[in-house]
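**Student:** Can you keep this structure in mind? I'll have questions shortly.
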Amino acid sequence: MTHTNTAAPGTPSAAAEPLTLRRVHLGAGGPLSDVRIESGLVNAVFPAGESPRDDGQSLDLDGRTLLPGLWDSHVHMVQWAGLRRRLDVSGARSAREAADAVGRQAAALPAGEPMIGHGFRDGLWPDAPHKDLLDALVPDRPALLISMDLHSAWLNSAGLALVGRGDHPTGLLREDECIQAMAELPTASVELTDQWVREACVAAAARGITGIVDFEYADNIADWTRRMNGASVPLRVAASIWSPQLDAAISRGLRTGQILDTPGGLLEVGPFKLLTDGSLNTRTALCHEAYPGAVPGEPGSHGLEQLPPQELVSLLRRASSHGIEPAIHAIGDRANEMTLDAFEAVRCHGRIEHGQLLAPKDIPRFAELGVTVSVQPTHAVDDRDVADRHWAGRTHRAYAFADLLAAGAVLALGSDAPVAPLDPWLTMASAVTRTGDERPPWHPEQRIPVADALVGSSRGRRLIRVGDRADLVVTDADPLTADTRTLREMPVHATLLAGSWTHGPSS
């Protein structure tokens, strides 16, 4: 019989009886098969048409492709959920153009409501963001824009007063100053925020996502425990730990990968997040060479060191000795070298988040030290012009995905949402094509095969095997043979989490 899903969209449906997926290609380019799912696991695999008939549920997938469920390895979930409701100024080509967009949007808002936007990239602008530009257009309410890379914020005078920085000279806040200001902004209620997050999770499941690593700057374990106990969530979540929560996590005996007591066992302890530098767009990524126009040796000329090497080593040693693996933000080549040195000193496993600019001598060290490199391929597409200007002469070793794979490194692919959309197919297409428009690929030698992009988006799963958790995605096209547009916009027929539908086939 044909399976019918009566659960609400995005809610894992009950898997009370076995389910057989008939006539489905087992993996990209795989054989036509029948796959039996029972108790949340892949129970058996047969050649198509040879599975025994039984009283369980059955779905004929008509030659579609069955893949391991997809993961986004780097998400800021609350920010992504909120961004979906904010003004997008990513297309602005100058500070004046962005300010004009803010003024038009603010005029349509209820009196006194803050004006919040996102996505500005000032690295290529001919003019500088300044509070006076916003004040002239939005004098009567707080207005702020968050940069695409999340490392800077641009506020008007009312916005600066709201976050206790009324005497700031320019209104452009960067790095720690930006993070602190964002934490002081009025926020939506917990109930509304959780609703937005769940809606974002449902949308992610519709793109084949079965899990995320959440790096929201928050008490993620507490927040996700509340969400999962309060309503059904259609994803697995690895909840990261930040420095303010480290001592509590250690005292509770939490360890990375540990499954926590929530419905369905969908919540696990994630890694310990630290920052060593800033970002490319803000010119705060820590590099060996000075930025164009900067005076070598002057403060900030090479970027920003967020954490001294000795302190980084100490924190890695403390967390890893208690079973909590570190995930270290490093973008510039000097930051990546320093972070790899720390991993070598401590001799622990973990991750480097971003790894955008690497010295050639450091590329083999990821595999040698057992350090995963968590990359966001859409950044390579979006940042190419900024990189060509501010990393001129070095871009052949920026976003070096192919070189890392060739050296034996393990890649984990993600979006860094809201910096890029939470869409694994856009992520994979960016890794495979190295372009997002009509221009030729940017450094095509760093493109990676579709098969490797799939593995990097599936927590390392290359195959679907008997005994695996039935976290699966059904696509209407085979990624290995899809053209670029189809790969980027991949039609997802259905998603299963532990054998239960979170998207399709009838929802």
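**Student:** Going through the range 158-171 one residue at a time, which ones are open to solvent by less than 30 Å² (accessible area, probe 1.4 Å) and out of contact with any Asp or Glu (no Cβ under 7 Å at 6 or more places or on another chain)?
**Tutor:** Matches in the range 158-171: GLY159, LEU160, HIS168, GLY171.
**Student:** Let me ask something else about it. Go through LEU274, LEU286 for me and flag whichever is crowded, with 21+ Cβ neighbours inside 10 Å, within 16 Å of ASP214 (Cα to Cα) and in contact with a helix residue (DSSP H, G or I) (Cβ under 7 Å, 6 or more places away or on another chain).
**Tutor:** After ruling out the rest, the residue left standing is LEU274.
**Student:** So which helices (runs of 4 or more DSSP H) stay within the range 98-202 end to end and still have 3 or more residues that are farther than 29 Å from THR225 by Cβ?
**Tutor:** 131-137, 157-162
**Student:** Here is a list of conditions, (1) without any contact (Cβ under 8 Å) to a residue 60 or more places away in the chain; (2) open to solvent by less than 10 Å² (accessible area, probe 1.4 Å); (3) assigned to a loop (DSSP other than H, G, I, E, B); (4) more than 19 Å from HIS151 (Cα to Cα), and TRP224 meets all of them except one; can you say which number that is?
**Tutor:** (3)
**Student:** Restrict the check to the range 73-94 and report whether at least one residue is more than 29 Å from the chain's Cα centre (by Cα) and of a type outside the set (Phe, Trp, Tyr).
**Tutor:** no
**Student:** Would you confirm whether or not the range 374-387 contains a residue that is crowded, with 23+ Cβ neighbours inside 10 Å, at positive phi and charged (D, E, K, R)?
**Tutor:** No.
**Student:** Among the listed residues ALA319, ALA290, identify the single one that is touching an Asp or Glu at 6+ places or on another chain (Cβ under 9 Å), part of a loop (DSSP other than H, G, I, E, B) and in contact (Cβ under 8 Å) with a residue 12 or more places away in the chain.
**Tutor:** Being touching an Asp or Glu at 6+ places or on another chain (Cβ under 9 Å), part of a loop (DSSP other than H, G, I, E, B) and in contact (Cβ under 8 Å) with a residue 12 or more places away in the chain holds for just one of ALA319, ALA290, which is ALA290.
**Student:** Would you mind stating whether LEU266 is open to solvent by less than 30 Å² (accessible area, probe 1.4 Å), over 26 Å from ALA285 (Cβ atoms) and more than 22 Å from the chain's Cα centre (by Cα)?
**Tutor:** Taking the combined requirement at face value, the residue does not satisfy it.
**Student:** Are any residues in the range 173-218 open to solvent by 30 Å² or more (accessible area, probe 1.4 Å) and in contact with an Asp or Glu (Cβ under 6 Å, 6 or more places away or on another chain), and if so, which ones?
**Tutor:** ARG207
The values are calculated or read from the model by the stated rules, or taken from the named source; none is laboratory data. No experiment lies behind these values; they were computed from the predicted model shown. Here Cβ is always computed from backbone atoms with ideal geometry, including for glycine, and neighbour counts include all displayed protein chains. To get the accessible areas, we keep the full protein, side chains included, count just its heavy atoms, and leave off ligands, DNA and RNA. Shrake-Rupley method; radii C 1.70, N 1.55, O 1.52, S 1.80 Å.
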